[in-house]
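One structure below.
The values are calculated or read from the model by the stated rules, or taken from the named source; none is laboratory data. On a predicted model such as this, the values are computed, not experimentally measured, just so you know. Neighbour counts run over all protein chains shown; Cβ positions are idealised from the backbone, glycine included.
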Amino acid sequence: MQLALMIDLERCIGCKSCEAACKAEHGLGPGENRNRVVWLGRENEPGLDFLTLSCQHCERPACLRACPVHPKAIRKDPETGVVTVDESRCTGCGECVVACPYGAMGYDPVDHHAVKCDLCSERRAEGLRPACATVCPAEAIAFGARDDLLERAAGEGRRRVDHDAFLLGPSNIFLERLRDRPNSTRRAEPHAEADGFSLAGRCRPAVVDDPARRAKLEPGSVIFPFRLKRSDRQPDAVVPGGCNICFNCCPTQYHLKDGRVVRVTGNEADPLWRGKVCPKSQFLLQLYNSKDRLTRPLKRMGARGEGRFEPIGWDQALDEIAARLSAIRAAHGPEALGIFAGTRTGTLTRKGYIRLFAQMWGTPNFADTEAFCSESKNVAFEATVGIPGSGNSYTPGDLGSAELYVYMGDNQAESRPVHFGMINDWRLKNGARMIVVDPRLTVTASKADLWLPIRTGTDMALALALAYHILDADLHDGRFCDDWVLGWREWRDHILARGYSPAWAAPITGIEEQAIRDLAEEIAAADGCVIFGARGLNQHSNGTQTNRTLLFLAAITGNMGRKGGTYFNYGTPSPVIANAPEARRAAVEKPMAATNPTGWLDAMISGDPYPMRALITANNPLTAWPNQAGVREAFEALDLLVHIELFRNETSAYADYILPAATGVEKGEIGRASEDRRVIWIDKVVEPPGKAKPDGWIWIELGKRFGFDDVLKEEHKDSGRFWDEMCIDHVWMRGCTQERLHSVPWRWVRTPLVDEGAPEIETLHLEGTTATGHPEDHRFPTPSGKLEFWTEALDARFGMLGLSALPEFYTDAEQLVDLPYVRPRGIDASPVRNPFAKGHVYTMPVEIAPPDGEAPARALAAQGYDTELITGRPPAPHFHSWTHYAWQAQEMWPDLYVQIHPAKAKRLGIRDGQEVTVETVRGGVQARAWIYPGIREDAVFVPIGWDASQPFHPWKSVNFLTDSRQRDPVSDHSNLKTYLCRVVPK
């Protein structure tokens, strides 16, 4: 029985999860590969493909014939056909590496022998599948008997790639990309050659998996348990939990040996995930065991930014911090303390421990990353739906049942690979369609039936035009609109009167008028359309109104409150929240300085609207916040900066005290705000390194110095107890107890759960249901029980800000074409209280300005800023700063890069991989050029997450190019997406 892998090129998304799993399974270090994923672009046309390469287990192996050792170090199993290397016999001569025409042989440069895939012989002996096939989030790798795999491919009507040019009889099977799928009108693609897959005309980007950059990873980068013998990596316990990095919230298993984590895998018991995880979950292993972890409290000895510190004890650190905070409060009031807590901190800390501390301290200035991620989406959903999400789930019967998927500003294949793998698998099995609207041919777009390259920041214009055509042609769902939508007629009349037609939108968006009409008609006709949005919509000055317009579009086509149809923007987070008793909350006498923490910079520098003298931060604002030059100026002006973190980073250098934190299985925590209302619990199963402590421990101990220990109690250092006693007193959450979470082997439950025995709800807001915690017949959790487009009350709220509840088109201030934008009202305007903010905060009303002579874009264009800068997520192995401390993520994607269209690169004389400078009026950063036809010629793309203090491949943060003052006037969300820039060859 010949064993083989079958790799589906239609499903593979290049995430490199299989690489991560292979290295962890076999304890491989930098430069050692048994498999690898090769990214392939096109030289002159948009296109992306990904080849998962490993040993082909050939019928006539070239490696075996080339091996000069006697007896040979390479053998072929006569029963399974699996080719293996006897590493103890291999002399490291390299003949097999040279002989293999598939590039499948790896090499161990430390022990000097060949390494190669043996289809995970040890796992197979235990009845398990190979690691790569188990974790693959895209369902792209199948394992089994070759004849069975061939039969399966034939039954699905799939064509095989002919890759036997060397007449070696390779066993592995590659399936061609699909071209003539049922119901598909996929445009002719350059990778869909009539004669099948070919490497002709394809190229590997220089910035991906660059061998020249691996020198920084060898050999000292290897950490426990990599490069240990298999027997030294065998676990003595396996504990279920979850990944707390991204919104996928994947169920995981933590493999422990002698109290240390030796492996992180997916949880194969989970009925939906079935063991699938992306690389980031697996890199948790490297974070837990990293030699770069902070292990002791540190106190600054030199000037801010110098990075000179001395170790001190916890009591000294907390006593001194408390004394300095007390002095600041006495001099300036409790509002002089700002607290910023990001992703790394964890949901339990942000919405639990810190919230209680802030309430008792009395500062209104407590913020998290929502103003950079999702606040515009949250405001839009809460105004329209009543809660900050759609209520749909990643299940075959819900999101999996759609007939059409439309992605706008959401590169899900790289930001949430497991969820995209589910969607892509369902659409292939069901014959559904996928359309992607994005300035770039992203990995998500590379799998679509149609890619529409839109101008950045103009998604709102497209959404308005789609709705215009649907309403003008009477293609809307009239019954749903009449029964369940307030204000839809007012909105219809508004957009028709404004002339927001496809003809109007075409020159703005760069999408042809007919293509807009076709998309509108396809959305209206689909039996279930899911429109996905994400950061590409949220991170604009028009983020709230863009999200509202897409919600309206989904609603008028009957795609809200149903299975297989919705507008979905990072789902519906569960309302985890802790509150101190009313009597223990300090009176807050002043409003927030701003809901967006970059609005605090003036308070730090000049005392406007009042002095902010201290900041406690628990992630890396000196990478993540826009206007990095301004952030540094503000942090230098502070009297006290406390940084709670896992690793030293850019922010650490400006801190007065650095406090070492625990994470994940070192403290006990829930995952992040899952996209589909799942709450996943992660038990504490190992101790943090050195003297690092859980965030909750730190806040409880600091609270003791101020007498807060009657609320932030000693027993609440047990995060499970804290969860049950303080965090779930909400009608949605009361049944989500520790007992309920531990009742299933995958450790998650889906809210709302009104009590511990309540059944999970797959889809909220279905017809005939009542929203949890709302009066009977309130289908949606709004005041009216219906979706709310326009009401007098809603219009009054928008009117306070100078806007209307009926969205009027505007976009970011810096565009290459003349478009309306928002600016503060004239000098006679006074601040108003923002009616959409969760706290008490004032803002300036705005006006929508025409693109006249005062438009900032015109002045910038005159200075030579001739390109639209887009920022966003890097490929799947990276997430903000976290993964840059994992050597394997650095091996896969080492350098900051800038995607540039070949025509622009040619004009500038830039070659692929060359270092260039990207400049805006605010500053410049260096990056390596990725010459890429899959981006608009007038735009470039630079990812987030790098900073100049990272250990392997430091680069300046892209936020040296962005502006802290360009924000959405409704939600105070930062514009991180659209700026005018120029590219300068170095």
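Screening Asp527 against (1) at pLDDT 95 or above; (2) assigned to a loop (DSSP other than H, G, I, E, B); (3) buried (at least 23 other Cβ atoms within 10 Å of the Cβ) leaves a single unmet condition, (3). Cβ-Cβ contacts under 9 Å between residues 6 or more apart (or on different chains), taken from a first residue in segment 623-638 that is without any contact (Cβ under 8 Å) to a residue 24 or more places away in the chain and in the same structural domain as Val921 (by TED's automatic domain parsing) to a second residue that is assigned to a helix (DSSP H, G or I) and of a type in the set (Val, Ile, Thr), are absent. Here Val69 meets the list (1) of a type in the set (Val, Ile, Thr); (2) in a loop (DSSP other than H, G, I, E, B); (3) touching a strand residue (DSSP E or B) at 6+ places or on another chain (Cβ under 8 Å); (4) surrounded by fewer than 24 Cβ atoms within 10 Å (Cβ to Cβ) almost entirely, failing just condition (3). All conditions but one from (1) assigned to a strand (DSSP E or B); (2) β-branched (Val, Ile, Thr); (3) in contact with a Lys or Arg (Cβ under 7 Å, 6 or more places away or on another chain) apply to Thr572; the one that does not is (1). Scanning segment 708-730 for residues that are among the acidic types (Asp, Glu) and either without any contact (Cβ under 8 Å) to a residue 24 or more places away in the chain or surrounded by 18 or more Cβ atoms within 10 Å (Cβ to Cβ) (or both) gives Asp709, Glu714, Glu715, Asp724, Glu725. In segment 577-588, the residue that is nearest to Ala341 (Cα to Cα) out of those that are out of contact with any Gly (no Cβ under 7 Å at 6 or more places or on another chain) and not in a helix (DSSP H, G or I) is Ile577. Scan segment 491-517 for residues that are over 20 Å from Val406 (Cβ atoms) and surrounded by fewer than 16 Cβ atoms within 10 Å (Cβ to Cβ) and the total you get is 7. Of the strands (runs of 3 or more DSSP E) contained entirely in segment 876-986, those carrying at least 3 residues that are under 23 Å from the mean Cα position of the chain (by Cα) fall at 897-900, 923-931, 939-943.
One line per residue, one yes/no per condition, for (1) buried (at least 22 other Cβ atoms within 10 Å of the Cβ); (2) without any contact (Cβ under 8 Å) to a residue 40 or more places away in the chain; (3) outside the structural domain of Gln890 (by TED's automatic domain parsing); (4) in a helix (DSSP H, G or I):
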| position | (1), (2), (3), (4) |
| --- | --- |
| Gln282 | yes, no, yes, yes |
| Arg304 | no, no, yes, no |
| Asp315 | no, yes, yes, yes |
| Glu320 | no, no, yes, yes |
| Ala327 | no, yes, yes, yes |
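Matching residues to (1) on the phi > 0 side of the Ramachandran plot; (2) surrounded by fewer than 21 Cβ atoms within 10 Å (Cβ to Cβ); (3) not β-branched (Val, Ile, Thr):
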| residue | (1), (2), (3) |
| --- | --- |
| Cys15 | no, no, yes |
| Asn33 | no, no, yes |
| Val38 | no, yes, no |
| Cys55 | no, no, yes |
| Thr80 | no, yes, no |
| Gly92 | yes, yes, yes |
| Val97 | no, yes, no |
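Within segment 506-565, the set of residues being among the charged types (D, E, K, R) and free of Cβ contacts under 8 Å to residues at least 24 places away in the same chain comprises Glu512, Glu513, Asp518. Of all residues in segment 666-707, exactly one satisfies the criterion of being surrounded by 23 or more Cβ atoms within 10 Å (Cβ to Cβ), touching a Leu at 6+ places or on another chain (Cβ under 6 Å) and charged (D, E, K, R), namely Glu669. Where the second residue is at pLDDT below 90 and part of a loop (DSSP other than H, G, I, E, B) and the first is under 13 Å from Glu687 (Cβ atoms) and lies in segment 661-677, which pairs have Cβ atoms under 7 Å and are six or more apart or on separate chains? Final answer for the pair search is Gly664/Asn244. So, in segment 673-691, of the ones that are aliphatic (A, V, I, L, M) and in contact with a Lys or Arg (Cβ under 7 Å, 6 or more places away or on another chain), which residue ends up nearest to Met726 (Cα to Cα)? Per the criteria, the residue is Ile680. Taking the listed residues Val277, Val239, Val262, the one that is in a strand (DSSP E or B), in contact (Cβ under 8 Å) with a residue 12 or more places away in the chain and closer than 21 Å to Gln888 by Cβ is Val262, with no other qualifying.
Among the residues of segment 837-862, those that are in contact (Cβ under 8 Å) with a residue 12 or more places away in the chain, part of a helix (DSSP H, G or I) and among the hydrophobic types (A, V, I, L, M, F, W, C) comprise Ala857, Leu860, Ala861. For segment 378-391, a residue qualifies if it is under 19 Å from the mean Cα position of the chain (by Cα) and closer than 17 Å to Gly565 by Cβ, and the qualifying residues are Gly389, Ser390. If you go through segment 777-815 and keep only what is more than 12 Å from Val970 (Cβ to Cβ), buried (at least 19 other Cβ atoms within 10 Å of the Cβ) and among the hydroxyl-bearing types (Ser, Thr, Tyr), you end up with Thr782, Thr811.
For segment 744-767, state whether one or more residues are surrounded by 15 or more Cβ atoms within 10 Å (Cβ to Cβ), in a helix (DSSP H, G or I), in contact with a strand residue (DSSP E or B) (Cβ under 9 Å, 6 or more places away or on another chain) and not assigned by TED's automatic domain parsing to the domain that holds Ala467. So far as segment 744-767 goes, no, none of its residues is surrounded by 15 or more Cβ atoms within 10 Å (Cβ to Cβ), in a helix (DSSP H, G or I), in contact with a strand residue (DSSP E or B) (Cβ under 9 Å, 6 or more places away or on another chain) and not assigned by TED's automatic domain parsing to the domain that holds Ala467. Scanning segment 409-436 for residues being without any contact (Cβ under 8 Å) to a residue 60 or more places away in the chain and not in a helix (DSSP H, G or I) gives a total of 2.
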